[in-house]
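The values are calculated or read from the model by the stated rules, or taken from the named source; none is laboratory data. Bear in mind that the values here come from a model prediction, so they are computed numbers and not experimental data. Every residue, glycine among them, receives a Cβ derived from its backbone with ideal geometry; neighbour counts consider all protein chains shown.
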Amino acid sequence: MSLPIARFAALALLASPAAAQVVSAHQDWAALKFGDRCEARSKAVAAQRGRKAAFAALAFDVQGRVNGQFVARLSRIARPGSTAMLTIGSQPFLLVGRGGWAWSRDQRQEAAIVAAARYAGSMRIESRDSGGRRFVDRYLLGGAATAIDAAAAACAQAGKSR
């Protein structure tokens, strides 16, 4: 493992009241298990003082209904009606957003996001805050492919044992 697991364990506890199990950690990403849900997750590169810890995740579930859903907690609350744009490498994805959250639109988009995250070096999510100011949450993608595979495998294995 490239990075200390403690970094990802702390991130997991920030995001969910349920205890998270760290499945594996790879460079800038970790595979986490929250009961029946597994995620490949990373936190934004530059956490800004006084703001929520932004993170992005690709989620899976043990039933196989959720298979790479993209979800992000933004560093700021987005202005009502504003868009959230995810860019992986040079490929843009228009996300559904509400408040401080953004997520993928459908399964086709999720598959495209997973494929892009496997090969690009970085990604960013852009939106506008309640004051109309543009903000950007940036992420590195080192270790994303391995974390995605580990999260998917952890939920698939858990689903088989049921």
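Of Val66, Val96, Val22, Val45, all but one fail to be touching a Cys at 6+ places or on another chain (Cβ under 9 Å) and either at pLDDT below 95 or farther than 21 Å from Thr146 by Cα (or both); the exception is Val66. Screening region 65-93 for residues that are within 16 Å of the chain's Cα centre (by Cα) and part of a loop (DSSP other than H, G, I, E, B) and picking the one that is surrounded by the most Cβ atoms within 10 Å (Cβ to Cβ) gives Leu74.
Among the numbered conditions (1) touching a helix residue (DSSP H, G or I) at 6+ places or on another chain (Cβ under 7 Å); (2) surrounded by fewer than 21 Cβ atoms within 10 Å (Cβ to Cβ); (3) closer than 18 Å to Phe135 by Cα; (4) among the β-branched types (Val, Ile, Thr), the only one that Val62 does not meet is (3). Just one of the listed residues (Ala112, Ala116, Ala102, Ala151) is within 13 Å of the chain's Cα centre (by Cα), part of a helix (DSSP H, G or I) and crowded, with 16+ Cβ neighbours inside 10 Å, namely Ala151. Within region 99-123, residues that are under 18 Å from Asp149 (Cα atoms) have Cβ atoms under 8 Å from residues that are β-branched (Val, Ile, Thr) and part of a helix (DSSP H, G or I) in these pairs: Val114/Ile148; Ala117/Ile148; Arg118/Ile148, counting only partners at least 6 apart in sequence or on another chain.
Scanning region 107-136 for residues that are modelled with pLDDT of 95 or more and among the acidic types (Asp, Glu), we see that the one that is farthest from Gly68 (Cα to Cα) is Glu126.
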